[in-house]
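Chemist: I am attaching a structure below and will ask some questions about it afterwards.
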Amino acid sequence: VQLQASGGGLEQPGGSLRLSCTAKGIVVSINTFSWHRQAPGKQRELVAESNSDGKTKYADSVKDRFTISRNNAKRTIFLQMNSLKPEDTARYYCSTVWRGYTFWGQGTLVTVSS
């Protein structure tokens with residue numbers, strides 16, 4: 001299983017970014033995928049999760065600002081991030097669990113600063 005994240009960058013507060021995570025070696029439609037982030041000096045935290053039933057969940061800090069979605073045919077999971085805040089600055093990782101193992105992408109850096 002390989003997860004390739006992209007879409008990070010520098011954005012001003014209030015702006016938007018869309019992250020993408022392309023999965024290889026796994027059937028996206030029947031698995032749960034999640035986005036996590038890790039800011040410097042802090043623990044990695046769950047940001048959003050999407051399961052195969054279409055259910056989603058979000059960290060309280062990003063509710064109503066971030067949206068997780070997926071395109072099963074393109075094996076891609078997205079994280080639309082709106083109304084970005086400086087505290088959203090972190091490296092963002094996509095992840096999935098398959099056959100008892102947790103797989104992580106390499107992460108993409110998001111910096112929110114004026």
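The values are calculated or read from the model by the stated rules, or taken from the named source; none is laboratory data. Source: prediction; values computed, not measured. The area values use the complete protein model at the heavy-atom level, side chains included, leaving out ligands, DNA and RNA. Shrake-Rupley method; radii C 1.70, N 1.55, O 1.52, S 1.80 Å.
Chemist: Give the carbon-plus-sulfur fraction of the accessible surface of the stretch 16-82 in %, rounded to a whole number; probe 1.4 Å, heavy atoms of protein chains only.
Modeler: Solvent-exposed carbon and sulfur of the stretch 16-82 make up 44 percent of the total.
Chemist: How big is the equivalent ellipsoid of the chain along its three axes, where each semi-axis is √(5λ) from the Cα gyration tensor, reported in whole Å from largest to smallest?
Modeler: Output for the chain: semi-axes of 23, 14, 13 Å.
Chemist: Can you list, largest first and rounded to whole Å, the semi-axes you get for the stretch 56-114 by taking the square root of 5 times each eigenvalue of its Cα gyration tensor?
Modeler: Ellipsoid half-lengths, sorted descending, are 23, 14, 12 Å.
Chemist: Further question: Calculate, in nm to one decimal, what Ser83 and Trp98 gain on full extension: separation in residues at 0.36 nm each, minus their alpha carbon distance.
Modeler: 2.1 nm
Chemist: Taking amide hydrogens as modeled 1.01 Å from N in the peptide plane, which residues meet the under 5 Å criterion relative to Lys85, leaving out close sequence neighbours?
Modeler: Correct list: Gly14.
Chemist: Near Lys57, which aspartates and glutamates are there with a Cα under 14 Å away, not counting those fewer than 8 places off in the same chain?
Modeler: Straight-distance partners of Lys57: Glu45, Glu49.
Chemist: Taking a probe of 1.4 Å, how large is the accessible area per residue of the chain, in Å²?
Modeler: Value returned for the chain: 56 Å² of accessible area per residue.
Chemist: Among the lysines, select those whose C-alpha is under 26 Å from the C-alpha of Lys63, and discard any that sit fewer than 8 residues away in the same chain.
Modeler: List returned: Lys42, Lys55, Lys74, Lys85.
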